[in-house]
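Chemist: Below is the structure I would like to discuss, written out as structure tokens.
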Amino acid sequence: MDFRFNDEQQLWYETLQNFMEKEVGREYTRAHDESREFPYEAYKKMADHGWLGLLIPEEYGGMAADAVMFAIFCESIAKFSLDTAACVMTGMFTATNICHHGTPEQKAQYLPGFLSGDVRFSISITEPDSGSDAASLKTRAVADGDEWVINGNKVFSSGAHLPGNVIALLARTGSDKHAGISLFLVPNDAPGVELRKMNTIVRRSFGTTEIFLTDVRIPSGNLIGEVGRGWDYIREHLEMERLSLAASYVGNARTALDDTIRYTKGRHQFGRPISKFQVLRHRMAEDEIVVEAARLLTYAAATKIARGERAVKEVSMAKVNAADVAFRVSFNGMQALGGYAQLPEYDMERYFREAKHAMVGGGTHEIQKGIIAKEMGL
Ligand SMILES: Cc1cc2nc3c(=O)[nH]c(=O)nc-3n(C[C@H](O)[C@H](O)[C@H](O)COP(=O)(O)OP(=O)(O)OC[C@H]3O[C@@H](n4cnc5c(N)ncnc54)[C@H](O)[C@@H]3O)c2cc1C
């Protein structure tokens, strides 16, 4: 075993660190969290580098990165902001759905615009009465000539309100719980679509919305793949999605700990740096252990996927663990920074909010543990 990045991975890691420090910066991500504005400039710069195509096959203009390279990307962006990482990662999964199951017309219509940063995708699965039990969704799509007519109510669709956004929306087309669900592309300005922003404590620059669909008509060509296969298509990218979240939480935890170390070394009380008080030293030492362990578990999962192996248990373990670590480290950071932790300019309260969401977003801890237990044969 070799626990180091190879030369290509190391270069990629350094390229991303440099990019985030010089081209984006911590002040920029903080300001966008505070103003709840989408980070258009950072997003466009990443598009110009071709990074939106990380998961897209080369034949469609993408980079076809493997899971390790993808995890490095997510960790590096989330070191600055989990929210910015979510802004960039979310649409990538719909783009891969289109690559794998879209018609030639859909590929031509959406992929170039997605790669250039002009077309964005949001994913809309969750409904008011179906969260963890996502497949019990009720939003209904009915065929009418060469159109689909959609009625229903979605919640928590991150980025659905943004200009040029197309919603990848799961809707019921049959009675079977899973095989009765199809995946549609719904432009957010289609007549009958009403969007209301939700005032969440995280995803403040990405933004998340409630969607009301009243007799929304879309062309039959906006169905992705086959009728009744939507649930399968969404499940196809769950491993990569959970990996991307685990890697992002590791990035968040690393920065929260680095900030805590820097602050405690510079803050003097009782005539010495507070980092010299044993209670704080030991807490930071313990946090160093868990951050490093979370990173190893995450890259072990990434390596397994990159080898082409099934990693359902590994990505769920990495996600749960990294979220817990991000929460613990930012919680300890909140204590170590005293009153200053509660000011946005110290960023810690943002890491703390984002880490709390990590226990819910992309499938809650309880759901992940159910998956792990099932994989263990329990
Ligand atoms: C900021 C934000 C952004 C989001 N972005 C998106 C998005 O872009 N697209 C999208 O489709 N969704 C999105 N979501 C929705 C998110 O995926 C759901 O919130 C999440 O899956 C949980 O669903 P719920 O909130 O309805 O909670 P519920 O399912 O009602 O769960 C409530 C509690 O019950 C527990 N619970 C439920 N079932 C079980 C069980 N079987 N065993 C044990 N415990 C259980 C849960 O773990 C949780 O603790 C977002 C949510 C937030 C907050």
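Chemist: Can you list residues whose amide H is under 5 Å from residue 167's amide H, if they're 5+ apart or on another chain and H is modeled 1.01 Å from N?
Modeler: Result for residue 167 returns 122, 186, 188.
Chemist: Would you list 367, 98 from fewest to most Cβ contacts within 10 Å?
Modeler: Ranking 367, 98 by Cβ neighbours within 10 Å, fewest first, gives 367, 98.
Chemist: Please list, in chain and number order, the residues 5+ apart from residue 198 or on another chain whose amide H is under 5 Å from its amide H, with Hs placed from the backbone.
Modeler: HN-HN under 5 Å from residue 198: 208, 209, 210.
Chemist: Between residue 343 and residue 10, what is 0.36 nm times their sequence separation minus the Cα-Cα distance? Round to one decimal in nm.
Modeler: Length gained between residue 343 and residue 10: 116.4 nm.
Chemist: Highest first, please rank the peptides 232-238, 83-89 by the mean number of other Cβ atoms sitting within 10 Å of their residues.
Modeler: 83-89, 232-238
Chemist: Hey, rough spin-label estimate for residue 105 and residue 236, points 7 angstrom out along Cα→Cβ, what's it come to in nanometres?
Modeler: 2.0 nm
Chemist: How much length, in nm to one decimal, is gained on full extension between residue 276 and residue 214, taken as 0.36 nm per residue of separation minus their Cα-Cα distance?
Modeler: Net length gain for the segment: 16.2 nm.
Chemist: I would also like to ask the following. Output ³J(HN,Hα) for segment 196-210: one whole-Hz value per residue in order, computed from phi by the Karplus curve 6.51 cos²θ - 1.76 cosθ + 1.60 with θ = phi - 60°, and x for Gly and Pro.
Modeler: Whole-Hz 3J(HN,Hα) from phi for segment 196-210: 10, 5, 9, 8, 6, 7, 10, 6, 6, 7, 5, x, 10, 10, 9.
Chemist: Normalised by the empirical 2.2 N^0.38 Å for globular proteins, what value does the Cα Rg of segment 7-119 take?
Modeler: Dividing the Cα Rg of segment 7-119 by 2.2 N^0.38 Å gives 1.07.
Chemist: Taking the chain, how much of its Cα-Cα pair set, in percent, is spaced more than 38 angstrom apart?
Modeler: 18 percent
Chemist: Moving on to the next point. Here are some pairs, 44/356; 79/356; 22/107; 79/197; 79/369; 22/45; which of them have Cα atoms lying more than 22 Å apart in this structure?
Modeler: Checking Cα-Cα distances, 44/356; 22/107; 79/197; 79/369 exceed 22 Å.
Chemist: Still on this structure, I have one more. Say R0 is 22 Å: what FRET efficiency, to the nearest 0.05, do residue 31 and residue 262 get from their beta-carbon distance?
Modeler: Plugging the Cβ-Cβ distance into 1/(1 + (r/R0)^6) gives 0.60.
Chemist: Give the dimensionless ratio obtained when the Cα radius of gyration of segment 185-296 is divided by 2.2 N^0.38 Å.
Modeler: Relative to the rule-of-thumb radius for its length, segment 185-296 sits at 1.76.
Chemist: OK, next. Please compute, for the alpha-carbon atoms of segment 121-228, the extent along each of the three principal axes and give them in descending order in Å.
Modeler: Dimensions of segment 121-228 along the principal axes of its Cα atoms: 40, 29, 22 Å.
Chemist: Could you run the Debye sum over the Cα atoms of segment 322-378, one equal point scatterer each and no solvent, and tell me log10 of I(q)/I(0) at q = 0.15, 0.19, 0.28 Å⁻¹, two decimals?
Modeler: -0.50, -0.66, -1.01
Chemist: Helix 82-101 versus the longest principal axis of the chain: what angle, 0 to 90°, nearest 10, using Cα atoms?
Modeler: Taking Cα atoms only, the helix is inclined about 30 degrees.
Chemist: Normalised by the empirical 2.2 N^0.38 Å for globular proteins, what value does the Cα Rg of segment 234-375 take?
Modeler: Normalised Cα radius of gyration, segment 234-375: 1.15.
Chemist: I've got another one for you. ³J(HN,Hα) across segment 138-155 via Karplus (A = 6.51, B = -1.76, C = 1.60, θ = phi - 60°), whole Hz, x for Gly/Pro?
Modeler: 10, 3, 10, 10, 10, 6, 9, x, 9, 10, 10, 10, 10, 9, x, 9, 10, 10
Chemist: A further question follows. Could you run the Karplus curve 6.51 cos²θ - 1.76 cosθ + 1.60 with θ = phi - 60° over segment 35-44 and give me ³J(HN,Hα) per residue in whole Hz, x for Gly and Pro?
Modeler: Running phi through 6.51 cos²θ - 1.76 cosθ + 1.60 with θ = phi - 60° gives 8, 6, 10, 5, x, 4, 5, 5, 4, 5 Hz.
Chemist: Note down the net charge around residue 144, summing +1 for each Lys or Arg and -1 for each Asp or Glu among other residues with Cβ under 14 Å from its Cβ.
Modeler: Here the charged neighbours net out to -1.
Chemist: With an 8 Å Cα cut-off and a minimum separation of 6 or more residues, compute the relative contact order for the chain in percent.
Modeler: 16 percent
Chemist: Can you put 186, 202 in order of Cβ neighbours within 10 angstrom, beginning with the fewest?
Modeler: Least crowded to most crowded, the residues run 202, 186.
Chemist: Can you give the translational diffusion coefficient of segment 47-177 in µm²/s, computed by Stokes-Einstein from the Kirkwood radius over Cα pairs at 25 °C and 0.890 mPa s?
Modeler: 152 µm²/s
Chemist: When the helices in the chain are scored as -39500 (n - 2.57) per DSSP H run of 4 or longer and the sum is shared across all residues, what 222 nm value do you end up with, to the nearest 500 deg cm²/dmol?
Modeler: Result for the chain, helices only: -16500 deg cm²/dmol.
Chemist: Calculate, in nm to one decimal, what residue 269 and residue 374 gain on full extension: separation in residues at 0.36 nm each, minus their alpha carbon distance.
Modeler: Length difference between fully extended and current span is 32.8 nm.
Chemist: Near residue 286, within a Cβ-to-Cβ distance under 14 Å, what is the net charge of the other residues, with Lys and Arg +1 and Asp and Glu -1?
Modeler: -1
Chemist: Follow-up. Sum up the charges of everything whose Cβ sits under 12 Å from the Cβ of residue 165, counting Lys and Arg as +1 and Asp and Glu as -1, but leave residue 165 out.
Modeler: Summing Lys and Arg as +1 and Asp and Glu as -1 gives -1.
Chemist: At residue 199 and residue 296, where each label point lies 7 Å from the Cα along Cα→Cβ, what is the point-to-point distance in nanometres?
Modeler: 4.5 nm
Computed from the coordinates by the stated procedures, all read-outs in this text should not be read as laboratory data. In this text, all values refer to a predicted model and were calculated from it rather than measured experimentally. Here Cβ is always computed from backbone atoms with ideal geometry, including for glycine, and neighbour counts include all displayed protein chains.
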